[in-house]
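Working notes, beginning with the structure itself.
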Amino acid sequence: MLSIDAIIVLIVLIFILLSFYKEWVGPAFTFLIAVVGLGICGILTPKEILSGFANDQVVVILMLLLIGDIIRDLGIVEVMFDKIFRKSKTYQQFMGRMILLVGGFSAFLNNTPLVAVMMPYVNSWCMRRKISPAKLMIPLSYAAILGGCMTLIGTSTNLIVNGMVVEQEIIKDLETLDMFSFTWVGLPMLIIGGIYLMLVGKKLLPDTRNSLEDYSENTRKYMVEAIIKPNSDYIGKTIKELRLSELFGLHLYQLHRNGEKMDLKSSSFKLKANDELLCFGNPDTVADMINPNSGFKLPSVGMFIKKKRTKVVEIVISHNSTLISKTVGDANFRRNYDATVIGVHRNGARVRGNITEMKLRAGDVLLLLGGDGLVEKSHSINDFYFISKVKEFRKQEAYKIGLLLGGTIVAVILSALKIVPLFMSLIVMIIVILALKISNPRDIAQRLDFNLALIIALSLAFGTAMRKSGLAEHIADLLINVFLPCGKLGVMFGIYFITTILAAYITNKAAVAIIFPISLTMAMSLQLNPVPFVMIVAFAAAANFMTPIGYQTNLMVYGPGGYSFKDFFRIGFPLSIIYMVFTVLILSYKYFS
């Protein structure tokens, strides 16, 4: 028989489920209403409500997300991706490298910024190879999820579960999870999941080629001047071997050598250093040519490449602009706006000629490479309006990058060896980041995800309410009666299945908050080792492939891939079943054999 407290917690639980599924209010506000309501009813004390904010795992999650964002902004990961993926020629080569690289990085860095960095590469590579982005966007998200499940810090879900282990009072002396406690399942599943995606991904994923072609046709094409660098890999190649359209999405219409126009139709013509190419390309492609490893240099960039922080933006010339009828050279963007023009687009017309000598008109769209002063200097004038930011470049001294990467590796190793707690290592890293001015206090305050901290802390309080009211014990007894006839494996499959369904249709954090106390109570009732019961909740919540709303990276690729809801289910359901079977079998073998 349920107590009054248990009935109240059950009503609140139903409210949480409905609020998440129907999207009545946001996750943080849902938990806030639920926990405050339980406090008013006297089920939770103020100390129990606030105890989650004192949990070091909450702060660890925020610091890991913060460091991951800083590493992304420094462009370290982007440079590595550029070197590795530029040589991929086939779909299988790109897919294999993507799964290994993204999966490997996701084990130690937050997967959301990794997917954000990788998405432009996937899109541009697909454009060049005339392959639908839908063939790679879901595998990108799944690779990040698979890799994140390999370590304690790979996903916030694992850290939340570990935080609940610290907070729980059901089982005394239950040890916290280690850095590589998850690797026994996570590593084999990265390999198995990768093989699955390689074999069936291309067959099951949709081919939204029409949307890709529409995107290609509707994207603004900019006229850009590029010069072959003296150390470029393209020296000695013919125009056909250069494969500008296939590899870079560029259309070459003129080539000048020593000021003379060359014949592009000649099969014997070979490129030399300092050859000047006049091309049309989309904004992302032109921005990629600024990269020192591209083999090209844009003459208009000049010393801007030396600046610590620059960004590529699109602007449109206003109808009353003082720039109208001036040439690009006379407009002197470098002095007046801390920017330089790297590309020009004119209302669908393919403008030709030297950029600096081109007279500007109202409605012209320019691609600018600007410094920190661009926005500030443009505030007081109405010469142009910003359309979008295409890309941002940040430079840091090599020793700072080395310290940041090395510090992250050392923090992980010290934590894994239980020499220094991860919390203390990350605090030291934040101090070093501030001391070296890699980031500043204002940026760090803006980057911190306080909404996530609120969700995690309040979900811990709700877990306490489920245990304290006895509701977790009642639900655990019910599930034991249902699944125990199938043995220990049946119980573990049952926990996994319920958790993964909740995670798919509400959120993984809410699923953990609800199922964790139930799972732990089941382990205690059955007098079994609680560790696999804890870990199965973590894996079931984190390895979420069936819906776009179940995991943040799935939602990120949902729109750009042109997917429908059923596309995730078609490829994600078989992978979820495979993951469930192997997770249960591996954990059962490790802890019960």
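Remark: the Cα gyration tensor places segment 424-567 in the oblate category, a/c being 1.5 or greater and a/b not exceeding b/c. For N258, neighbours were defined as the other residues whose beta-carbon sits under 11 Å from its Cβ, and their charges (Lys and Arg +1, Asp and Glu -1) total 0.
Across segment 220-297, the mean sequence separation of Cα contacts (distance under 8 Å, 6 or more residues apart), normalised by length, yields a relative contact order of 48 percent.
Mean residue ellipticity at 222 nm, helices only, the chain: -18500 deg cm²/dmol; runs of at least 4 DSSP H residues each add -39,500 (n - 2.57), and the sum is divided by the number of residues. Packing around the peptides 118-127, 153-162, 90-99, taken as the average count of other Cβ atoms within 10 Å per residue, puts them in this order, highest first: 153-162, 118-127, 90-99. Give me the log10 of I(q) over I(0) for segment 489-593 at q = 0.21 Å⁻¹, as the Debye formula computes it from C-alpha points; what are the numbers? Ignoring solvent entirely, the Cα scatterers give -1.01.
Based on C-alpha pairs under 8 angstrom that are at least 6 apart in sequence, segment 308-393 has a relative contact order of 53 percent.
Considering only C-alpha atoms, what is the centroid distance from segment 525-583 to segment 248-281, in Å? Going from one Cα centre to the other spans 50 Å.
Using C-alpha pairs below 8 Å separated by at least 6 residues, the relative contact order for the chain is 19 percent. Treating each Cα of segment 308-393 as an identical point scatterer and summing with the Debye formula, the log10 of I(q)/I(0) at q = 0.12, 0.14, 0.20, 0.22 Å⁻¹ comes to -0.31, -0.42, -0.89, -1.09.
Put the Cα centre of segment 404-470 next to the Cα centre of segment 85-107 and the gap is 29 Å.
Only one item in (i) 26.5; (ii) 24.3; (iii) 31.5 matches Kirkwood radius over Cα pairs in Å derived from the coordinates shown, and that item is (i). The angle between the Cα long axis of helix 111-129 and the longest principal axis of the Cα atoms of the chain comes to about 40 degrees, rounded to the nearest 10. Selection among G96, I192, Y337 by position relative to the dipole of the chain gives Y337 as farthest towards the positive end (Cβ unit charges, Cα centre). Where does segment 220-297 land on Rg/Rh, using Cα atoms and the Kirkwood Rh? Rg/Rh: 0.92. For K221, go through the lysines and keep the ones whose alpha-carbon is under 21 Å away, minus same-chain ones fewer than eight residues off. Of all the lysines, those that pass the test against K221 - Cα under 21 Å, at least 8 places apart if same chain - are K130, K297, K311, K359, K389, K391.
Share of pairwise Cα-Cα distances greater than 18 Å in segment 377-451 is 60 percent (whole percent). For the peptides 45-51, 518-524, residues were scored by their other Cβ atoms within 10 Å and the scores averaged per peptide; the highest-first order is 518-524, 45-51. For Y222, the residues whose amide H sits under 5 Å from its own are G281, N282, ignoring neighbours fewer than 5 places away on the same chain, with H placed 1.01 Å from N.
Values quoted throughout were computed directly from the atomic coordinates according to the rules given, and no laboratory measurement underlies them. Just so we're clear, the structure is a prediction, and the values are computed from it rather than from any experiment. With ideal geometry, Cβ positions are generated from the backbone for all residues, glycine too; neighbour counts draw on all protein chains shown.
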